[in-house]
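Following: one structure in structure tokens, then a few remarks.
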């Protein structure tokens, strides 16, 4: 899988991996469908950062979730 290629499939994969790494309990809170490709690069950066770290602190988890919330699709 080449994550440098922007696609819905890659975006969904990264969101699912981010949720797994953060051990998100409420998986409905971060749904891959809730994100748009226009924020692909930002989400890719978060994904790469998490893959470089062996552990993530509670404070980092909170910051990442807050950052992800900025990238959600606007409700109409």
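The values are calculated or read from the model by the stated rules, or taken from the named source; none is laboratory data. For clarity, every value in this text was computed on a predicted model and none was experimentally measured. All Cβ positions, glycine included, derive from the backbone under ideal geometry; neighbour counts span all protein chains shown.
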Of the residues in region 40-53, those that are buried (at least 16 other Cβ atoms within 10 Å of the Cβ) and either in contact with a strand residue (DSSP E or B) (Cβ under 8 Å, 6 or more places away or on another chain) or over 13 Å from residue 4 (Cα atoms) (or both) come to 43, 46, 50
When every residue in region 1-37 that is in a helix (DSSP H, G or I) and out of contact with any helix residue (DSSP H, G or I) (no Cβ under 9 Å at 6 or more places or on another chain) is compared, the one modelled with the lowest pLDDT is 28
The one condition residue 56 fails out of (1) in a loop (DSSP other than H, G, I, E, B); (2) modelled with pLDDT under 90; (3) under 25 Å from residue 1 (Cα atoms) is (2)
Cβ pairs under 7 Å, 6+ apart or interchain, first in region 46-57 and under 13 Å from residue 18 (Cβ atoms), second in a loop (DSSP other than H, G, I, E, B) and modelled with pLDDT under 95, ordered by first then second residue, are 50/56
